Amino acid sequence: MSNRTLAIIKPDGIRKNLIGQIITKITEAGFKVKAVKMVKLTKDSAAGFYEVHKERAFFKDLLDYMTSGPCVPIALEKENAVADFRKLIGATDPAEAEDGTIRKLYAASKAENVIHGSDSDENAAIEILHFFSRKELLDISGYQF
Ligand code: ATP
Ligand code: MG
């Protein structure tokens, strides 16, 4: 089991001025922030990140949303990181998310749901490397990817 996951505070989370509250929820749940930055995704970069959804009807809207403003990707570490983080953020649709989860608290809709969390250990490693180079992870946090 890996202890890493990638979070992204999505553009609606930034617009709602929720960076602080969301990171507080994450750290209070026991996750350690290993690397963080603010970036504006290009269409190509967002398409690469969400390639698994490229045949879906909502794909174009997803790219428009994810490129509508800056994002804050965060590399996180905790035992059982992937599953515990998915639990902390709640279901994709905030209407179905459990009370106290980040999406239940802050998200407006299934499409605009303020936060991303990796869905497997394998994808966590791929997604962390989408935003952070091996060299910066080594320099910042001693990560050997
Ligand atoms: P994420 O991968 O962002 O953590 P998730 O794993 O909960 O979210 P996915 O099924 O991977 O959900 O969908 C990726 C993103 O695409 C969702 O977070 C949401 O922003 C958008 N999305 C998913 N399903 C729909 C839908 N039916 N209509 C509109 N947007 C959707
Ligand atoms: Mg997903």
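The values are calculated or read from the model by the stated rules, or taken from the named source; none is laboratory data. None of the values given here were measured: they were computed from a predicted structure. Every residue, glycine among them, receives a Cβ derived from its backbone with ideal geometry; neighbour counts consider all protein chains shown. Calculation scope for accessible area: heavy atoms of the full protein, side chains included, ligands and nucleic acids excluded. Shrake-Rupley method; radii C 1.70, N 1.55, O 1.52, S 1.80 Å.
Tell me whether the range 132-140 contains one or more residues that are of a type in the set (Ser, Thr, Tyr) and more than 12 Å from the chain's Cα centre (by Cα).
There is at least one residue in the range 132-140 that is of a type in the set (Ser, Thr, Tyr) and more than 12 Å from the chain's Cα centre (by Cα).
How many of the residues in the range 103-122 are within 18 Å of Lys25 (Cβ to Cβ) and either within 10 Å of the chain's Cα centre (by Cα) or aliphatic (A, V, I, L, M) (or both)?
8
Among the residues of the range 107-122, write down those that are within 13 Å of ligand 1 (Cβ to nearest atom) and either acidic (Asp, Glu) or within 19 Å of Val36 (Cβ to Cβ) (or both). Reasoning before the result, please.
The first filter runs over the range 107-122 and keeps only residues within 13 Å of ligand 1 (Cβ to nearest atom), leaving 107-120.
Matches in the range 107-122: Glu112, Val114, Ile115, His116, Gly117, Ser118, Asp119.
On the given criteria, is Glu55 surrounded by fewer than 14 Cβ atoms within 10 Å (Cβ to Cβ) and within 13 Å of ligand 1 (Cβ to nearest atom)?
yes
Given the residues Asp12, Asp64, which is the only one that is assigned to a helix (DSSP H, G or I) and more than 16 Å from the chain's Cα centre (by Cα)? Step through it out loud before you land on a result.
On the way: Asp12 fails: more than 16 Å from the chain's Cα centre (by Cα).
Exactly one residue qualifies, and that residue is Asp64.
Every residue in the range 16-52 that is more than 13 Å from ligand 1 (Cβ to nearest atom), open to solvent by 50 Å² or more (accessible area, probe 1.4 Å) and not polar (S, T, N, Q), please.
Pass one, the range 16-52, residues more than 13 Å from ligand 1 (Cβ to nearest atom): 16-40, 42-45, 48.
Right, trim to open to solvent by 50 Å² or more (accessible area, probe 1.4 Å) and you get 16-17, 19, 21, 24-25, 27-28, 32-33, 36-38, 40, 42-44.
Matches in the range 16-52: Lys16, Ile19, Lys25, Glu28, Lys32, Val33, Val36, Lys37, Met38, Lys40, Lys43, Asp44.
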